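All remarks here apply to the structure that follows.
The values are calculated or read from the model by the stated rules, or taken from the named source; none is laboratory data. Note that this is a predicted model, so its numbers are computed, not measured. Note that we place each Cβ from the backbone using ideal geometry, even for glycine, and neighbour counts take in every protein chain shown.
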Amino acid sequence: MAPRPLLVAITGPPGSGKTALAQRLTEEGALALPRLSRDLLKAGLVWTEEAETEAVRLRAFDLFFDTAENWLRANVSLIADQTFRRVPSEERFSRLLDVADAVAIECQTSREVAHRRFKERERANGNIPADRLAEILRRMEDGTYQWDTFRLSGLGVPELCVDTTEGYAPGLEAIIEFCRSRGVKPQAAL
């Protein structure tokens, strides 16, 4: 049987440390795989369109999965960095399993830490329109934000939960080994 590419799906709510971990995993000495970022694809669309709209967000979602599928069909292993939501991500994600082996890494931290990170990042980079950002922050603060929708559990792929509050627990080496072994959890992660 021909080798299948590996899809490393980094998931978790906004501010949970997904992008920071994904970037670390792309480095030499780690996995050294290319990173596909839905946020960067969306930023490119926003740059061209000169506005972030619902249509741009939907196009970024489709472009992310279309690009991931194209890379995997070309036998390119990759790190997928996105706030995967159960719906509608599950259907698109399952199709990727037809062409790749996959592992899911769920980044976790407290809601307070995620909220603080998200607020600091978005106020600094200005990628989200002010009215939309204010609404998201309001929901995070009043407890109505849907934090639990950012999971890929139940898709039949090996999963590793990583606490990103201070560094990584389990550590980076254990995360790398989990990915390289395609989901066999090292003793340090158990």
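When residues in the range 46-60 are screened for being hydroxyl-bearing (Ser, Thr, Tyr), over 11 Å from Ile128 (Cα atoms) and not in a helix (DSSP H, G or I), 0 of them pass. A residue that is part of a loop (DSSP other than H, G, I, E, B), surrounded by 13 or more Cβ atoms within 10 Å (Cβ to Cβ), modelled with pLDDT under 75 and of a type in the set (Phe, Trp, Tyr) cannot be found anywhere in the range 154-172.
Answer yes or no: is there a residue in the range 104-116 that is assigned to a helix (DSSP H, G or I) and at pLDDT 90 or above. Within the range 104-116, none of the residues are assigned to a helix (DSSP H, G or I) and at pLDDT 90 or above. Scanning the range 32-42 for residues that are within 16 Å of the chain's Cα centre (by Cα) and aliphatic (A, V, I, L, M), we see that the one that is farthest from Arg59 (Cα to Cα) is Leu33. Of all residues assigned to the range 8-24, none qualifies as being under 17 Å from the mean Cα position of the chain (by Cα) and more than 29 Å from Glu112 (Cβ to Cβ).
Reported count of residues in the range 117-135, each being assigned to a helix (DSSP H, G or I) and buried (at least 17 other Cβ atoms within 10 Å of the Cβ), is 4. Which one of Ala68, Ala43, Ala20 is farther than 23 Å from Leu155 by Cα and either in a strand (DSSP E or B) or modelled with pLDDT of 90 or more (or both)? The unique qualifying residue is Ala20. When the residues of the range 23-40 are filtered to those that are free of Cβ contacts under 8 Å to residues at least 40 places away in the same chain and part of a loop (DSSP other than H, G, I, E, B), the one that is surrounded by the fewest Cβ atoms within 10 Å (Cβ to Cβ) is Glu28. The single condition among (1) of a type in the set (Phe, Trp, Tyr); (2) farther than 21 Å from Val162 by Cβ; (3) under 13 Å from the mean Cα position of the chain (by Cα) that Phe93 does not satisfy is (2). One residue stands out among those in the range 173-188 that are among the small types (Gly, Ala, Ser) and at pLDDT 80 or above: the one that is nearest to Glu106 (Cα to Cα), which is Ala174. Can you find, within the range 122-147, the residue that is nearest to Glu166 (Cα to Cα) among those that are at pLDDT below 75 and within 18 Å of the chain's Cα centre (by Cα)? Ranking the qualifying residues of the range 122-147, first place goes to Trp147. For the range 55-93, taking the residues that are surrounded by 14 or more Cβ atoms within 10 Å (Cβ to Cβ) and among the polar types (S, T, N, Q), the one that is nearest to Leu7 (Cα to Cα) is identified as Ser77.
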